[in-house]
Amino acid sequence: MIEHGHKKLSVRRQCEILDINRSSLFYKKADEDAYDLELMTLIDKQYLKTPFFGSRRMTDDLRKKGFLVNRKRVQRLMRRMGIEAIYTKPKTSKPSKENKIYPYLLRDLTINKPDQVWCSDITYIPMRKGFLYLVAVMDWHSRYIVSWRLSNSMDTSFCLEALEDALAQGTPGIFNTDQGSQYTSSDFTQMLKQKEVAISMDGKGRYLDNIFIERLWRSLKYEEVYLKAYEDIKEARVSIAEWIRFYNFERPHQSLDYSTPWEVYQKRPQEEQKDIDQTVSYVVSIEKDTTDAETILVNQ
């Protein structure tokens, strides 16, 4: 009824013509925004449990919980959050057609040393009156979070900042991500190439290709994010930073023989460069066996 951005009629004039109180218009919008945020939080929680749920099944789940929503609205919210069912790959970042897609290099690779492989991903973080995106860089072997950044938009800059911070602390042999535009951008890949890091990307629909960082998101959200209701980005940053410090330095992992990620990560071998060279040699052998990256991705 009210058209924002009308070329000739202001919102105030439209309200006068329709005999609508202008202030009530914005209260309604605020209510709708709050309702959307509640739905997005529920979708996020359900997605962690059932990442194979598409918009149809997610809509049905919300209706069973008592929310009168249609599929179109759920589709819009899932796009806003950047997620889809796993058979089409979680889309916290969308691929860009003009950017190069690299092959997945971790298949059949034994990963048993720190800095052999790093991985990165982006996830949705709900707040009381809004939401953020979180990117993290993790060492695959130790599960150590090397760096992270929060942002209120999905641009490439906060991913570049996290990568730059991580590379200031070390250099991996392989860096694995999804095929999102942030990771396929020339700025991002060039930073890795300058450090002679081999680039690996998940195959389409391969939710498990980056499984360890997916598990990180589950732990973060159930142990921290869902227990809080951040008022603003400052509170979110402080609280998440404290949890990551706890995760890295105090939280023991059964899969690490009850050591912390830092205890495992800081035991980097003396012949670290030799290990990296061996990893790079493995990558080169894979690239020789395929005519191009597309062949590997199709076979996945």
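Nothing in this text is a laboratory measurement; each read-out follows from the coordinates by a stated rule. Remember, it's a predicted structure, so these values are computed and weren't measured experimentally. We place every Cβ from the backbone using ideal geometry, glycine too, and count neighbours over all the protein chains shown.
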Each label sits 7 Å from Cα toward the beta-carbon; between L68 and R128 the label points are separated, in nm, by 2.9
Indicate the gyration tensor shape class of the stretch 135-227 (rounded, prolate or oblate), computed on the Cα atoms with a ≥ b ≥ c the square roots of the eigenvalues: a/c under 1.5 is rounded; otherwise a/b larger than b/c is prolate and the rest oblate.
rounded
Calculated FRET efficiency for the pair F52/R245, C-beta based, R₀ 30 Å, to 0.05:
0.35
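Would you mind checking the pairs K72/K228; K45/K100; K195/K234; K65/K221; K113/K195 and listing those with alpha carbons more than 25 angstrom apart?
Values: K72/K228 29 Å; K45/K100 33 Å; K195/K234 32 Å; K65/K221 21 Å; K113/K195 19 Å.
Correct reply: K72/K228; K45/K100; K195/K234.
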Residues other than I233 with Cβ under 12 Å of its Cβ, Lys/Arg counted +1 and Asp/Glu -1, net out at +2
Inter-probe distance in nm under a simple model that places probes 7 Å from Cα toward Cβ, at K228 and Q190:
3.5
Along the charge dipole of the stretch 95-194, Cβ charges K/R +1 and D/E -1, which of I111, I174, S153 sits furthest on the positive end?
S153
With R₀ set to 22 angstrom, the calculated FRET efficiency between the beta-carbons of Q266 and I211, to the nearest 0.05, is 0.40
